[in-house]
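K.L.:
To start, I am sharing the structure in question, which I have written as structure tokens.
The numbers here are math on the coordinates, done by the rules we state, and not lab data. Since this is a predicted model, take the numbers as computed values, not measurements. Cβ placement follows ideal geometry from the backbone for every residue including glycine, while neighbour counts extend to all protein chains displayed.
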């Protein structure tokens with residue numbers, strides 16, 4: 001959706017999709033608004049509670065069944081296991097997606113990692129197609145006048161017909177852009193200290209896995225230190241996504257910097273940020 005400032009101010013039920021790399025500040029903005037006049041739709045929360053709930057539980061049970069004591073309890077239905085995913089704690093989703101590398105260092109071997117990536121990708125597609133339904137729920141059931149869609153950083157890579165078009169049709173797209181090296185370093189640091197689930201296109205993963213092998217002299221994914229590879233690949237992933245974000249935001253949305261987004265403290269600040277972005281593009 002595109003607006004003039006006057007049209008935006010007159011928009012009774014505002015709906016905004018936040019676009020950008022993981023760690024850039026999307027959830028910070030959504031959490032600033034949540035619980036007031038805005039319904040916070042977290043794509044990863046929807047993925048974890050609706051589309052990955054069973055695969056996550058299957059993964060946990062598979063591990064538990066390797067412990068004889070727990071195996072007996074589970075087979076007799078004497079205990080049950082459930083996910084406890086929260087908006088601000090996506091640990092079960094992160095654990096399911098995992099990190100590529102040596103299983104002895106809590107890594108996931110390559111074929112299984114690729115399989116999990118495909119499951120996560122489809123879950124993200126399904127969660128984005130749910131957005132119009134939740135916009136209606138937010139207003140009619142929960143009574144929120146406005147809606148903020150906090151999407152995963154890999155939205156720009158889904159390449160699924162209709163996903164981006166659905167979000168453009170039902171919301172204003174706000175791209176949070178990283179504009180300098182200091183911001184990029186901060187983003188990389190956040191990704192390392194507070195990791196979120198990361199999705200890789202398979203061709204990107206294969207290309208940069210080979211580059212990592214060439215650089216390190218390793219030969220197999222099972223030799224990789226999972227944390228070290230995640231630190232190494234993240235900057236490459238980030239830079240590969242920039243043209244994709246811009247291709248969405250340029251014709252269909254608006255852009256602010258991560259520094260500008262970080263100044264938002266309340267709903268009035270957020271609305272002022274959106275108006276500034278609209279004016280700047282106009």
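K.L.:
Could you tell me the distance between the Cα centroids of the range 1-16 and the range 245-270, to the nearest Å?
P.N.:
Taking the Cα centre of the range 245-270 as reference, the centre of the range 1-16 is 15 Å away.
K.L.:
Once fully extended, how much extra length lies between residue 71 and residue 218, figured as 0.36 nm per residue of separation less the alpha-carbon to alpha-carbon distance?
P.N.:
Residue separation times 0.36 nm, minus the Cα-Cα distance, leaves 49.2 nm.
K.L.:
In what order do 163, 256, 67 fall by count of nearby beta-carbon atoms within 10 Å, going from fewest to most?
P.N.:
Going from sparsest to densest Cβ surroundings: 67, 163, 256.
K.L.:
OK, next. For the range 240-282, list residues with backbone N below 13 Å from a point placed 7 Å from the Cα of residue 5 toward its Cβ?
P.N.:
272-282
K.L.:
I've got another one for you. Taking other Cβ within 10 Å of each residue's Cβ, how do 169, 44 sort, fewest first?
P.N.:
Ascending number of Cβ neighbours within 10 Å: 169, 44.
K.L.:
Okay, next question. With each label point set 7 Å from Cα along the Cα-Cβ vector, what nm distance links residue 192 and residue 211?
P.N.:
Label-label distance for residue 192 and residue 211, simple model: 1.8 nm.
K.L.:
Using a Gaussian network model on the chain with a 10 Å cutoff between Cα atoms, which of 160, 215, 124 fluctuates the most?
P.N.:
Greatest mean-square fluctuation among the candidates belongs to 215.
K.L.:
Rounded to whole Å and sorted largest first, list the principal axis extents of the Cα atoms in the chain.
P.N.:
So the extents along the principal axes, rounded to whole Å, are 64, 50, 34.
K.L.:
Also, I was wondering about something else. Express in nm, to one decimal, how much length is gained between residue 184 and residue 82 on full extension, taking 0.36 nm for each residue of separation and deducting their alpha carbon distance. Mind showing how you got there, number by number?
P.N.:
On the way: separation 102, 0.36 × 102 = 36.72 nm, distance 3.67 nm.
Result: 33.1 nm gained on full extension.
K.L.:
Report the normalised scattering of the range 107-170 as log10 I(q)/I(0) at q = 0.12, 0.15, 0.20, 0.26 Å⁻¹, calculated by the Debye formula with identical scatterers on the alpha carbons.
P.N.:
-0.40, -0.56, -0.82, -1.12
K.L.:
In nm, what is the difference between 0.36 nm times the number of residues separating residue 13 and residue 129 and their Cα-Cα distance?
P.N.:
In short, 39.8 nm is gained.
K.L.:
When the Cα centres of the range 121-135 and the range 144-214 are compared, how far apart do they sit, in Å?
P.N.:
If we compute the Cα centre of each part, the gap is 16 Å.
K.L.:
Using label points projected 7 Å from each Cα along Cα→Cβ, tell me how many nm separate residue 95 and residue 282, to one decimal.
P.N.:
Between residue 95 and residue 282, the label points sit 5.0 nm apart.
K.L.:
Taking the chain as the reference, fit the longest principal axis to its C-alpha atoms, fit the long axis of helix 181-193 to the helix C-alpha atoms, and give the angle between the two in degrees, 0 to 90, nearest 10.
P.N.:
Approximately 40 degrees, to the nearest ten.
K.L.:
For 229, 220, 147, what's the fewest-to-most ordering of other Cβ within 10 Å of each Cβ?
P.N.:
220, 229, 147
K.L.:
For the chain, find the longest principal axis of its Cα atoms and tell me its angle to the long axis of helix 110-129, 0 to 90°, nearest 10.
P.N.:
30 degrees
K.L.:
How high is the relative contact order of the chain? Use alpha-carbon pairs under 8 Å, at least six apart in sequence, and give a whole percent. Numbers along the way, then the final one.
P.N.:
Working: 368 pairs, mean separation 95.4, N = 282.
Contact order relative to length: 34 percent.
K.L.:
Using the alpha-carbon atoms, what tilt in degrees (0 to 90, nearest 10) does helix 267-281 show relative to the longest principal axis of the chain?
P.N.:
Rounded to the nearest ten degrees, it is 80.
K.L.:
Once all Cα-Cα distances of the range 126-207 are split into 5 Å bins that start at 0, what whole-number percent is in each one?
P.N.:
3, 11, 17, 19, 18, 15, 11, 4, 2, 0
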